[in-house]
Structure formats: structure tokens, C-alpha cells
Amino acid sequence: MPPNMKTLYSLYVHVRKSDLPKEKQYNLIRTLMAGEEWSWRVVGISVEALEWFKENDFKRTKGIHRHHVVPFRETGRQMLQNIMTAAEWCALAYDNEKVHLVTKEENNKEQFSEIFCIDHKLGFFKNKQISYTYRIREEGQFLKDLASQGLLSS
């Protein structure tokens, strides 16, 4: 279990037992996961996003978004149904905080090109609350190596 999960779970229980409106509870639960290293874990990249990076010489540029594999509205809805056990909450929170790197257009249309898996244990694209780390020598080289495997059309 990642660090802080026990603390976050007890805060979740406190919020759920409160008399706050469900919408406020939802917003607080969502905030609990913000900025955690394990949240918004990049586990994939779309073909279009990889092509975008390649066209931009593997430098970080605008136009790439992180997209939740499972939208938080679904995760939050499940967390609001009943007060979950610690094991249930931790599993749901951790499992559903996976994201893919996609282009802005893909994210807006919610239509994605093929997704290539990225092992988050490699330590790339770490969550920085609003953004993610992107170091040209680490993430940039990783994407360059991925693109060189003949996965792209050009």
C-alpha cells in the first residue's frame, strides 16, 4: 500500500460520516488523492501522443493531456455509495488512478488511438499535482526509444 493511504482512508471515512452535502463530500474525496505520487500514474501513451512528441523532437510541449482510464466521476460515485472498508477504498483509489498520455484532441473527443503500455514502476512521468515530471534525458529518451521500435507509421 502506498504511503499516506491509511491517513487518506481515515479522512475519507470522516468526510463520509459528516453531514456535508454529497457534492461537497465528492469534492473533498477527489482532493484527497491530488498530488500523491501514486495518483495520476502514467501507464500508457497513445500513438498520436507519441507522434506529437516525435514531431516536437521529444521535448515537452503543450498539447498532451493525462486522461484517466477510469473517470474519477465513476470512482467518486462508488466511494459515495457506502462507506467502504480500508481494503476496498485503498484498492479502488489505487487501481482507478491510472492515466494515459493523450493529445488534447483525443482527450476532448474521448476517442483514442492505440495505447502503448508504460510500466509506471520505471519512475517516469511522476505526478506533480497539476502536471507531471518530464525530463528530456529520462522521459524524453524513454519516448524516443519507444518510437524507435517501429510502432509509429512514419
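The values are calculated or read from the model by the stated rules, or taken from the named source; none is laboratory data. Since we're looking at a predicted model, the values are computed, not measured. Backbone-built Cβ (ideal geometry, glycine too); neighbour counts: all protein chains shown. Surface accessibility is based on the protein's heavy atoms, side chains included, excluding ligands, DNA and RNA. Shrake-Rupley method; radii C 1.70, N 1.55, O 1.52, S 1.80 Å.
Points worth noting:
- Cα-based Lys pair tally, the chain, threshold under 16 Å, eight or more apart or on separate chains: 8
- Solvent-accessible area of region 1-138 (1.4 angstrom probe, protein heavy atoms only): carbon and sulfur portion equals 50 percent.
- Descending Cα extents along the principal axes, region 106-147, whole Å: 31, 27, 18
- q = 0.17, 0.18, 0.23 Å⁻¹, region 29-133: log10 I(q)/I(0) [Debye, one scatterer per Cα]: -0.80, -0.88, -1.29
- The slack in the chain from L20 to D57, taken as 0.36 nm per residue of separation less the alpha-carbon distance, amounts to 8.4 nm.
- In the chain, the DSSP-assigned H stretches of four residues or longer account for a calculated mean residue ellipticity at 222 nm of -12500 deg cm²/dmol, using -39500 (n - 2.57) per stretch and the full residue count as denominator.
- Computed over region 6-50, Cα set: Rg, Dmax in Å: 14.8, 46
- Rolling a 1.4 Å probe across the protein heavy atoms gives region 20-154 an accessible surface of 57 Å² per residue.
- Cα gyration tensor shape for region 77-154, rounded if a/c is under 1.5, else prolate or oblate: prolate
- D95 versus E138: modelled label distance in nm, points set 7 Å from Cα along the beta carbon direction: 2.9 nm
- At full extension, T31 and E74 could sit 14.0 nm farther apart than now, given 0.36 nm per residue minus the alpha carbon distance.
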